[in-house]
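Beneath this line is the structure, given in structure tokens, with notes to follow.
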Amino acid sequence: MPNNSPTAEGRRSLTRNWPVGRRLRAVLLIPVLVALVFGGVRVKRSVDTWQDADDAVRVAELVQAANKYASDAINERDVSVIPLVAEKKESAAVVQARKITDADAKAFDAAVARMPQSSGLLRRVQLVREGEKQLTTVRTNAFTSRMTGVQTEESYHTVQHPLMEISNELGYGSDNQASFGRTLYAVSLTQAAESLIRAIGTHLLVDDRDALAPGELETQLASFRSYAYLEQVGLQEFAGAATTEDMARLQKALADAGARGKQQTAAAAAEAAAAGKKFVAPPSMEAMIAAIATGKPAEDLAEQGITPESFFAASTLGFDAYRGVQVYLTDAALASAQDIADQARGDAITNAALVLAAVLVAFLLATWVARTMVTGMRRLSASAIEISGQRLPALIDQLSQSDPGKVDTRVTPIAIDTTDEIGEVARAFDHVHREAVRLAAEQALLRGNINAIFTNLSRRSQSLIERQLAMITSLEDNETDPDQLENLFKLDHLATRVRRNGENLLVLGGERPAQQWDRPLPLVDVVRAASSEVEQYERIRFAGLPEAQVQGEAVTDLVHLLAELLENATAFSSPHSLVQVTGSRLPDGRIMVEIHDEGIGLEADDFAVINHKLANPPTVDVDIAQHMGLFVVGRLAERHGIRVQLRPSAEKSGTTCLVMLPHTVAQRPADAMPDSDTLALAMIRNLPTSRSAGGAGPFGGSDSGDAFTDYEAWQDDPGRADPAQEAPASERPRRLPRRSPGGSRRGRGDGR
């Protein structure tokens with residue numbers, strides 16, 4: 001039968017009620033797991049290094065095969081000169097040279113099949129394939145009437161040069177990959193130039209000059225001199241890229257070549273003496289090149305010891321010296337890549353074994369500990385997420401409504417009844433939940449009271465101000481004294497400002513004005529109405545406003561928004577400066593209104609703070625008293641999807657305010673002519689009925705259509721305003737005539 005004794009119950013709850021401190025000692029396994037994660041990252045890096053090094057090995061094998069292919073291809077050309085000029089195409093030397101080249105081509109194909117499929121290597125191999133297609137034609141037409149000597153000698157370049165270019169892919173594991181490839185390329189270039197010198201020089205010494213086509217001798221001599229110069233360029237390139245050890249290795253190879261040349265000369269002299277023949281020792285390689293370059297006949301050069309055999313032998317010594325350095329560099333690159341690959345493979349295997357063993361041990365320990373903690377922690381986490389993400393936000397949203405009604409503020413405790421630290425956290429979270437609900441209820445009540453106060457104060461003052469404005473309008477209609485009329489205008493504007501401040505209280509209270517404009521109105525009239533609510537309206541100039549109709553439900557709020565921005569522009573700039581209002585239609589049809597002043601401007605941090613508040617209007621708090629205008633602008637803009645942003649002026653000191661009107665606020669009129677209501681309003685106000693051209697405005701060339709994104713690119717554009725369309729200085733704007741939803745007008749609405 002079951003054991004329900006207190007002792008048995010205590011044993012069952014021993015693990016369940018462990019203190020968090022004891023459990024945390026078990027959670028020390030977490031750093032081990034973190035270490036294992038980093039170990040896994042290390043294994044991944046080792047495997048990646050191994051793969052990269054293995055790719056480098058295959059690249060080095062490809063370069064090795066390519067260089068051998070290139071060297072044997074140009075050597076085939078050189079050893080074929082004498083037999084082919086003598087029309088001995090089946091000469092053993094020619095057949096053997098071509099057989100070696102073909103074998104190299106097969107070895108290169110095998111290396112290509114193993115190489116990494118990178119875009120650079122594929123592009124270089126493709127160039128080699130294009131050159132190989134011409135090799136058969138070159139062999140058939142070499143040193144014939146179909147292909148002159150220089151053409152034959154230079155045609156092998158289409159195969160050799162792309163093969164030589166593959167050397168630039170070498171360098172993995174070296175200190176400077178670019179320098180390594182450049183070094184190998186330089187010695188390959190020098191070898192290629194030496195080969196061409198050997199081929200053309202031998203051709204000049206064996207060919208019958210009288211049988212050459214007109215101009216062929218001059219072409220050969222010019223090519224011979226150019227390749228002699230190219231060899232020196234290649235040596236300079238090698239000196240600039242090679243290490244000290246590589247430079248010493250090349251110098252030693254050339255010195256050994258010179259010593260072997262002297263030995264060959266001594267042997268030839270002894271053989272000639274034994275045969276009783278006259279022997280003329282050939283000069284140095286540099287002297288032979290200089291003599292051949294003069295264009296002297298072969299008979300004259302032979303008297304100096306320069307024969308086809310002596311020149312070919314001397315040039316071959318240099319060719320072999322460069323080839324030796326080239327082979328050493330490719331072998332060194334291959335050996336280095338193989339060493340790195342072997343080391344990376346060993347590191348990857350060792351790290352993987354260690355990580356797997358540690359993961360296994362850590363998994364067993366973590367599983368045992370997790371069973372004792374995961375249930376309570378999951379229940380606590382799930383309850384906390386539900387409260388913070390659903391229940392509490394929903395309750396706060398309900399309490400934030402203007403008329404929340406009866407709200408149940410009771411808190412349901414989290415269903416965890418253990419006595420360990422997890423249970424204590426659950427009780428603490430319940431307490432926090434209750435306090436949050438209580439504070440939310442108090443804040444909702446306080447916010448509702450404040451909004452009611454704002455709304456009540458605004459309603460009371462608005463009715464008085466409307467009566468005052470009506471009285472001022474009546475006095476203006478009956479006044480003929482210009483000075484007195486001017487004073488009445490000022491009083492009219494002051495009263496209008498007071499009315500706008502009252503409307504600010506409505507915005508703070510979350511209310512809308514009781515009286516709204518119910519018909520579309522041209523944008524230019526909206527801007528003029530906004531300027532009429534600014535005390536220093538005579539400083540405001542606007543031009544270039546596009547033809548657009550502002551939707552009736554947005555007219556009153558847009559006038560209010562622009563009036564606040566214009567008020568700031570005039571208040572924070574010199575009384576003697578002008579405030580410019582311009583506009584443009586963006587490519588996507590939205591309207592950009594810009595307000596430029598020449599004030600002292602703002603700091604960069606101030607711009608960031610203000611633009612953030614404009615984009616995200618804060619809740620009503622004590623800071624509203626200091627920045628009421630920004631709060632009101634932000635709320636009004638948010639209400640209609642308008643974007644407002646401040647920027648430093650591009651041309652002068654001061655600030656530029658950008659107001660982006662979406663399609664829902666301003667739209668292009670159906671036709672370019674004003675409708676009858678707009679004409680009547682213009683006649684009442686004594687305003688010109690012509691409108692400014694739409695145009696693309698300063699942002700007309702934007703591809704994105706986002707003026708806020710393209711603003712920086714537009715700052716230097718000098719054509720932002722249209723002086724011909726500025727309002728005349730004598731024009732005195734007046735406030736917008738209010739139109740109630742029923743259509744009745746309030747105030748005058750005539751302008752001067």
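The values are calculated or read from the model by the stated rules, or taken from the named source; none is laboratory data. The model shown is predicted, which means the values in this text are computed figures rather than measured ones. When we count neighbours, we look across all protein chains shown, and the Cβ atoms used for this are built from the backbone with ideal geometry, even at glycine.
Being in contact with an Asp or Glu (Cβ under 7 Å, 6 or more places away or on another chain) and either more than 23 Å from residue 200 (Cβ to Cβ) or surrounded by 13 or more Cβ atoms within 10 Å (Cβ to Cβ) (or both) is a condition met by at least one residue of region 296-318. What about residue 608, is it free of Cβ contacts under 8 Å to residues at least 12 places away in the same chain and under 19 Å from residue 650 (Cα atoms)? In short, yes. Please determine, by comparing only the residues of region 550-586 that are closer than 25 Å to residue 504 by Cα and among the polar types (S, T, N, Q), which one is farthest from the chain's Cα centre (by Cα). Among residues in region 550-586 that are closer than 25 Å to residue 504 by Cα and among the polar types (S, T, N, Q), the one farthest from the chain's Cα centre (by Cα) is 556.
Taken over region 136-168, the criterion of being touching a helix residue (DSSP H, G or I) at 6+ places or on another chain (Cβ under 8 Å) and farther than 21 Å from residue 223 by Cα is satisfied by 163, 165, 166, 167, 168. Restricting region 629-653 to residues that are part of a loop (DSSP other than H, G, I, E, B) and charged (D, E, K, R) leaves a set whose member that is farthest from residue 570 (Cα to Cα) is 651. Scanning region 133-174 for residues that are in a loop (DSSP other than H, G, I, E, B) and either outside the structural domain of residue 106 (by TED's automatic domain parsing) or hydroxyl-bearing (Ser, Thr, Tyr) (or both) gives 145, 148, 156, 172, 174. Counting only residues that are within 17 Å of residue 390 (Cα to Cα), at pLDDT 80 or above and surrounded by fewer than 17 Cβ atoms within 10 Å (Cβ to Cβ), region 409-435 holds 4 of them.
Would it be correct to say that residue 321 is over 30 Å from residue 42 (Cα atoms), crowded, with 19+ Cβ neighbours inside 10 Å, among the aliphatic types (A, V, I, L, M) and in the same structural domain as residue 46 (by TED's automatic domain parsing)? In short, yes. Right, residue 132: under 26 Å from residue 79 (Cβ atoms) and free of Cβ contacts under 8 Å to residues at least 60 places away in the same chain or not? So residue 132 passes the test.
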